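Taking it in order: structure first as structure tokens, then the write-up.
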Amino acid sequence: MHKTTAPRPDAGSYFDLFVPKLVTVLREGYGLQHLKADVAAGLTVAIVALPLSMAIAIASGVGPERGLYAAIFGGFLVSALGGSRFQIGGPAGAFIVLVAATVARHGVDGMLLATLMAGLMLLAIGFLRLGTYIKFIPYPVTVGFTAGIAVIIFASQVSALLGLSLKGAEPGPLLDKIPALVAAVPTVNMAAAGLAALSVAVIVLLRRFLPRWPGMLIAVGLAALLTGALALDVPTIGSRFGGIPSSMPLPAWPAFSLAKAQAVLPDAIAFALLGAIESLLSAVVADGMSGRRHRSNCELVAQGAANIASALFGGLCVTGTIARTATNVRAGAHGPISGMVHSVTLLLFVLVAAPLAAWIPLSALAAVLAVVAWNMVERHAIRILMRGMGGDMLALLATFFLTIFRDLTEAILVGFAIGTVSFIARMSRATEVEQYLPQVNEDTADAAPADRAPYDAEFAADDDVVVYRINGAFFFGAASMVGAVFDRISDPRKALVVDFAAVPFLDATAANTIAALAGRAERTNMMLAISGARAAVRHELLLHGVRPPAVLFKPTIAGAVAAVRKARAKA
């Protein structure tokens, strides 16, 4: 029977993999109704992104304008060059911890250089087509580090939420931060705390009863209005940062030296790793909501270009943002032009209305991030994982606590390692070796009685031939168990058949196990045959010296049994 394989949706030349979705959308035909939908969606997303971009930048230890620059320049390129129809790029809450630590260690120039280097890494990852492998991060790991980041974000906003006056700089590590915050409790600014509580209430209530209203922007705008009207003595963007510049910066290369590049290299790797994970997760979410399909490697190339541009214009790291992307899909976007409209809208705000941002209280922006942190915690997923398999729970907890108390990159690597080992253990338990004792040579379906083979008494009663069947993936995790089964074949046998029909693949360790079995069979004058091996499995066995005439390869068990009997008769 001729077997046909359906072509992959992304099949084509190498360069076809990097055609932006914007080009695809325009080729399909782009009319006025599509433009209207994208403009409406872009304006909706911009309303959400405006307070969020400033809040993320402030929480990261830099001025609010740097968050806007990232959303304007980086966000525009993510949409224009990306592999997703609906991806919205910009600064993300997940980066707050990394960016703040980088700024503390290397200054703003070091952060910009790390962002630029991360962009180059993302370009390389995309052009080398490694995006598919990044999506293999285990689900418990993503849930764990997202929840850990949420805890750190919230802890970093407690001071701003309550308007605390700390003695000296606020400590970065959580264990050092908590005592400093507790000691500063007597300095609570009731006006700032009241504005934060009001902002949280507005966001939550509007989301509950009027979900289409821009709750975050309304909350921040109301807090700014109250601050100005009542002349409240609370920290604002104007009092802390002098407001937001009402003009765009010219592109400039970050300060560079080989020593500085070496110093920020670990941060750049962390930026690139987290940016790739976040952007591809966001694209997957958009695919699930829209029924479309993104191009992973094209998306990573766009993320690389966006981070380079953001660094040149003084912005933060850029990645795909799940909340803003989901808002874009729900708002009825048709294609990437909505993301470009979102960036242009933010640009117009900076050029026209930047002075108004000076009245925004920092406690209101902290309230925005507090709500974001709460929404980042996937509580339902955590409950399921905590009740599930031990390996998943361990990966979740290890990633969560290492994210909080150690380092995000270390947390992801450890969580990935635990998840991988857990998977290997499960796969090894799923691999079985059983003795095969058929009563007929090759039976067929009951609908074809004429083709049924007769009962083979000789085969059933032949004590000199033993047949073993391996079920499942045969790899290093299961090799020791399979080898132990074969080692227990201590009674004298004249022939052994090992059926590989149920083995989808095997690795070098498994092939070496069979090679050892073949060597043992040759030393003891036992005939060995392998049946049902797929082409790839047989190729791997041949590479490791499992080859005729020492070992016979046959397509079926019956054929292998007949072959060893024939060979035994000649011996």
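The values are calculated or read from the model by the stated rules, or taken from the named source; none is laboratory data. Bear in mind that the values here come from a model prediction, so they are computed numbers and not experimental data. Heads up, the Cβs are rebuilt from the backbone with ideal geometry, glycines too, and the neighbour counts pull from every protein chain shown.
Observations on the model:
- Hey, Ala302 in a helix (DSSP H, G or I) and within 23 Å of Thr102 (Cβ to Cβ) or not: yes
- Scan of region 115-164 for residues that are modelled with pLDDT of 90 or more and of a type in the set (Ser, Thr, Tyr), ordered by number: Thr115, Ser159
- Test: residue in region 17-30 that is within 22 Å of the chain's Cα centre (by Cα), in contact (Cβ under 8 Å) with a residue 24 or more places away in the chain, under 26 Å from Ala364 (Cβ atoms) and not in a helix (DSSP H, G or I): no
- So Val45, is it part of a helix (DSSP H, G or I), surrounded by fewer than 24 Cβ atoms within 10 Å (Cβ to Cβ), assigned by TED's automatic domain parsing to the domain that holds Leu122 and in contact (Cβ under 8 Å) with a residue 12 or more places away in the chain: no
- Some residue of region 305-328 being closer than 17 Å to Gly119 by Cβ, of a type in the set (Lys, Arg), in contact with a Gly (Cβ under 9 Å, 6 or more places away or on another chain) and not in a loop (DSSP other than H, G, I, E, B): no
- When the criteria are applied in full, Thr24 fails the requirement of being at pLDDT 80 or above, polar (S, T, N, Q), within 22 Å of Pro214 (Cα to Cα) and out of contact with any Asp or Glu (no Cβ under 6 Å at 6 or more places or on another chain).
- Within the option set Arg383, Arg379, being modelled with pLDDT of 85 or more, closer than 30 Å to Ala219 by Cα, surrounded by fewer than 19 Cβ atoms within 10 Å (Cβ to Cβ) and not assigned by TED's automatic domain parsing to the domain that holds Thr509 holds for one residue only, Arg379.
- Residue tally, condition surrounded by fewer than 24 Cβ atoms within 10 Å (Cβ to Cβ) and among the hydroxyl-bearing types (Ser, Thr, Tyr), over region 325-373: 2
- Meets criteria (touching a residue at least 24 places away in the same chain (Cβ under 8 Å), crowded, with 22+ Cβ neighbours inside 10 Å and more than 24 Å from the chain's Cα centre (by Cα)) for Gly314: yes
- Among (1) part of a helix (DSSP H, G or I); (2) in contact (Cβ under 8 Å) with a residue 12 or more places away in the chain; (3) under 30 Å from Val25 (Cβ atoms) - the single one Gly288 does not satisfy: (2)
- Residue match in region 518-533 (condition: at pLDDT below 85 and either among the β-branched types (Val, Ile, Thr) or within 22 Å of Ala425 (Cα to Cα) (or both)): yes
- Residue match in region 253-263 (condition: surrounded by 21 or more Cβ atoms within 10 Å (Cβ to Cβ) and in contact (Cβ under 8 Å) with a residue 24 or more places away in the chain): no
- Test: residue in region 66-79 that is over 27 Å from Arg293 (Cβ atoms), aliphatic (A, V, I, L, M) and modelled with pLDDT under 95: no
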